[in-house]
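Heads up, the thing below is written out as structure tokens.
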Amino acid sequence: MDYQIDLDGYIGDYYNGRKWVKNKLAENKNKPVFVRTNSLGGSVNDALDIAAQFEAHGNVTVEMFSFNASATTVLTLGANKVRAHADSLYLIHKVMSWVNAWGMMNEDNIQDLIDELEKEKKENEKITLVLARKYALKTGKSITDILNLMKQETWLTANEAKEWGFVDEVFGKATGKVNFTPEMKEKFNIAELPIPHLKNNQEDSKGLLEKIEEKFDGFKNDILSRMGINNDKETNNENPVINMKKEWTHINTLLEVEGIETKDGKINLTEDQLQKLNDAIQSANEAKTTAENSLTEKTKEYDQLKTDYDNLKGSAGADSNPVNKNSDVGKGGKVEDDDLKAAIEAQKMFNILNK
């Protein structure tokens, strides 16, 4: 396989960054592009940008080898197709940022640090939610399921990644051999990623991770069956059904979300979302109070006007009849309008002279 792009190292450095990818995609405009990845991650900024570039280019296939984590998994979300080698591993996690707190501090310094960390925490939560939505869109899973997996920081085998929907296809022959050197271990420590505990088995053609997983599942199912518990994933009632409530348009608009996720009739909201709802309810109550006060004032004004009207209506002269200028005046009980009669006679005279 010839790869137009090979991302091997920190996502964000010169040969693995968004500008390098942009140049390579430009060289292959309107052509299929194959990308090879083997990276523990890097810059989320570069990863999101690369994912958008893949999406805009179209016809991009990503093939993952060995360990792929963090930002590396994010950039694959823009590809048309994602393939993982049978011996590769896949990991997603919540957004991390560097925290540097060291030295002697008084209470003011500590409070400043707390405020700074709280702000950083909220920013990380926003970015994590953006990534979770992209993973959910790729896999068809709920955002809650994705966030839980991100929290666990668990390495997935290629087949597990495919079951989740992160990977479209698993290729190659599993050997169960992973070259996990001390240098690789050091890279994991630097990247703050969990270290998988692997052993090589050259005689087994089946992936070691898959073998361990099968052994563990068999042992677990045996114990559960002895306890009378059915662990069938397809029929297990313990797996909650998660729904997305999109019809709550006012709440969704207020919280700036596509929908509210419900699980077993319960809703999980963040502290920021609860604060928004609380503020909205407070504003609505204040508006309601203002409207009620205004209505009370208008009612008082109406009652006063009605009282004044009733008093005027009952006063002397209220029932006097208007003077009829046509009554008992002139010939036949009608008023003779001398000016009108003079005008009519003048018009007649004018008509005779112009014959």
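Quick grid of which residues meet (1) at pLDDT below 70; (2) closer than 28 Å to Glu125 by Cβ; (3) in contact with a helix residue (DSSP H, G or I) (Cβ under 8 Å, 6 or more places away or on another chain):
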| position | (1), (2), (3) |
| --- | --- |
| Asp264 | yes, yes, no |
| Leu269 | no, yes, yes |
| Lys276 | no, yes, yes |
| Asn293 | no, no, no |
| Glu297 | no, no, no |
| Lys313 | no, no, no |
| Gly317 | yes, no, no |
| Gly332 | yes, no, no |
| Glu336 | yes, no, no |
Among Ala71, Ala84, Ala101, the single one that is surrounded by 15 or more Cβ atoms within 10 Å (Cβ to Cβ) and over 20 Å from the mean Cα position of the chain (by Cα) is Ala84
Residue pairs within 8 Å by beta carbon, gap of at least six or interchain, first lying in segment 284-304 and over 29 Å from His250 (Cα atoms), second of a type in the set (S, T, N, Q), listed first then second, are none
Every listed condition ((1) modelled with pLDDT of 95 or more; (2) of a type outside the set (Asp, Glu); (3) over 24 Å from Leu129 (Cα atoms)) holds for Phe54 save (3)
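Is one or more of the residues making up segment 123-134 of a type in the set (A, V, I, L, M), surrounded by 19 or more Cβ atoms within 10 Å (Cβ to Cβ), closer than 27 Å to Lys22 by Cβ and without any contact (Cβ under 8 Å) to a residue 24 or more places away in the chain?
Residues of segment 123-134 of a type in the set (A, V, I, L, M): 127, 129-132.
Narrowing the set further to residues that are surrounded by 19 or more Cβ atoms within 10 Å (Cβ to Cβ) leaves 131-132.
Narrowing the set further to residues that are closer than 27 Å to Lys22 by Cβ leaves 131-132.
Keeping just the survivors that are without any contact (Cβ under 8 Å) to a residue 24 or more places away in the chain gives 132.
Yes, that holds for at least one residue.
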Note on Gly58: of the conditions (1) surrounded by fewer than 18 Cβ atoms within 10 Å (Cβ to Cβ); (2) farther than 18 Å from Val167 by Cα; (3) within 26 Å of the chain's Cα centre (by Cα); (4) not aromatic (Phe, Trp, Tyr), unmet is (2)
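Looking at Trp98, Trp155, can you tell me which residue is modelled with pLDDT under 95, in contact with a Pro (Cβ under 6 Å, 6 or more places away or on another chain) and among the aromatic types (Phe, Trp, Tyr)?
Trp155
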Out of (1) closer than 21 Å to Ala69 by Cβ; (2) assigned to a helix (DSSP H, G or I); (3) in contact with a strand residue (DSSP E or B) (Cβ under 8 Å, 6 or more places away or on another chain); (4) not acidic (Asp, Glu), the one His93 does not meet is (2)
Considering residues that are under 30 Å from Arg133 (Cβ atoms) and part of a helix (DSSP H, G or I), the number found within segment 260-312 is 14
Within segment 101-160, the residues that are touching a Leu at 6+ places or on another chain (Cβ under 8 Å) and of a type outside the set (A, V, I, L, M, F, W, C) are Thr128, Lys134, Tyr135, Lys138, Glu153, Thr154, Thr157
Inspect all residues belonging to segment 56-72 and state whether any of them is in a helix (DSSP H, G or I), farther than 23 Å from Thr157 by Cβ and touching a Leu at 6+ places or on another chain (Cβ under 7 Å). yes
(1) within 23 Å of Trp98 (Cα to Cα); (2) under 16 Å from the mean Cα position of the chain (by Cα) all hold for Thr154 apart from (2)
Is it the case, given these coordinates, that Leu129 is within 25 Å of the chain's Cα centre (by Cα) and over 19 Å from Ser43 (Cβ atoms)?
no
Within the bounds of segment 24-36, is there any residue that is crowded, with 16+ Cβ neighbours inside 10 Å, under 28 Å from the mean Cα position of the chain (by Cα) and on the phi < 0 side of the Ramachandran plot? no
Picking from Lys141, Lys162, Lys126, Lys151, the residue that is part of a loop (DSSP other than H, G, I, E, B) and among the basic types (Lys, Arg) would be Lys141
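The values are calculated or read from the model by the stated rules, or taken from the named source; none is laboratory data. Predicted, not measured: the structure shown is a model, and the values here were computed from it. Because the Cβ atoms are built from the backbone with ideal geometry, glycine has one as well, and the counts that use them run over all protein chains shown.
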